[in-house]
Ligand SMILES: O=C(O)CCC(=O)C(=O)O
Ligand SMILES: [Fe+2]
């Protein structure tokens, strides 16, 4: 993919110096801190998550669940109809939500943000199959997804070691300084929206992440995941978002991840929890809530229709998947019309793994 892939600058020397951390974020759009999060707590979380994944049938029977050895015949990802059967079970884990509130993370985010922080209710875990590379998270800025205010930050951390071949995140240093949102285009990858590499330099930085290592970046910082090119390993990682409690948040970030495409509410998430301190914790925070901007997704969909009409395999795959997931919705009707007029396409379009 990229011609250049250099190492992150490590900011452990500055962890006690909030001003210097902010200076580096202002300059480079990210900070990378080795072992910010406690490896033992992450390993306990990995155990919980892998147990759910094993029960869901995505691991090879008889292997150590902690190794995350995937049954590649089960390959699927977020918009695929098979994904929520396991993802929703994972999403019910109290330990998964609690990770977004671990004191070491909150304290770091308070330094970065310079005041009290809100951990977004919408947490995300990525359960990433090997060799499903056409679906890899493409080049993007997070603002198109979580919206609200630019001064929102992601803390991304793998739940296990994550060498480059397992598909960790890479960022473009300084790319946030554009102080604007790049055009995003249809993509088959996670999130569905991509910036074209042609518009950017290619000074990408990344690392072979070890468990506990954490990458913190601004909502305008351009980043992407590397493809998981391992033979059979699942990549499991967390993306947690943080902002000042004094700034507005977009309303969809108050809902569970993917609830826009698969109905799934907090009552279900909380059903088996043993404590209540993190249930609806944002409700008494007096937050200003902004409506979701639908344009980013709508533009991506319009582009998918157009590309599918021209025979683009990724777009056709995307539309077929949408029809399978929700045949009655308005977008599925429009997708169906485009596919009907699209002669000669095979029933199941093969998408490069
Ligand atoms: O882990 C991934 O594949 C995507 C993560 C990401 O883009 C994010 O955390 O903002
Ligand atoms: Fe992202």
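Computed values, structure above
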| quantity | calculated |
| --- | --- |
| Criterion (in contact (Cβ under 8 Å) with a residue 12 or more places away in the chain, more than 16 Å from ligand 2 (Cβ to nearest atom), over 20 Å from residue 144 (Cβ atoms) and outside the structural domain of residue 107 (by TED's automatic domain parsing)) met by exactly one of 231, 313 | 313 |
| Contacts under 9 angstrom Cβ, first residue in the stretch 173-184 being outside the structural domain of residue 200 (by TED's automatic domain parsing), partner at pLDDT below 95 and surrounded by 16 or more Cβ atoms within 10 Å (Cβ to Cβ), 6 or more apart | none |
| Residues that are within 12 Å of ligand 1 (Cβ to nearest atom), more than 16 Å from residue 5 (Cβ to Cβ) and assigned to a helix (DSSP H, G or I), drawn from the stretch 134-167 | 135, 143, 144, 145, 146 |
| Residue ID - surrounded by the fewest Cβ atoms within 10 Å (Cβ to Cβ), chosen from residues in the stretch 145-172 that are within 12 Å of the chain's Cα centre (by Cα) and either outside the structural domain of residue 236 (by TED's automatic domain parsing) or within 12 Å of ligand 2 (Cβ to nearest atom) (or both) | 146 |
| Residues located in the stretch 95-131, provided they are out of contact with any helix residue (DSSP H, G or I) (no Cβ under 8 Å at 6 or more places or on another chain) and surrounded by fewer than 20 Cβ atoms within 10 Å (Cβ to Cβ) | 98, 101, 103, 104, 106, 107, 110, 115 |
| Test: residue in the stretch 102-118 that is assigned to a strand (DSSP E or B) and within 13 Å of ligand 2 (Cβ to nearest atom) | no |
| All positions within the stretch 262-276 that are loosely packed, with under 15 Cβ neighbours inside 10 Å and not in a loop (DSSP other than H, G, I, E, B) | 266, 267, 268 |
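Yes/no per residue for (1) at pLDDT below 95; (2) under 30 Å from residue 177 (Cβ atoms):
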{"position": "2", "(1), (2)": "yes, yes"}
{"position": "7", "(1), (2)": "no, yes"}
{"position": "39", "(1), (2)": "no, no"}
{"position": "49", "(1), (2)": "no, no"}
{"position": "58", "(1), (2)": "no, no"}
{"position": "63", "(1), (2)": "no, no"}
{"position": "69", "(1), (2)": "no, no"}
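The values are calculated or read from the model by the stated rules, or taken from the named source; none is laboratory data. This structure is a prediction, so every number in the text was calculated from the model and none was measured. Here the Cβ is made from the backbone with ideal geometry for all residues, glycine too, and neighbour counts use every protein chain on show.
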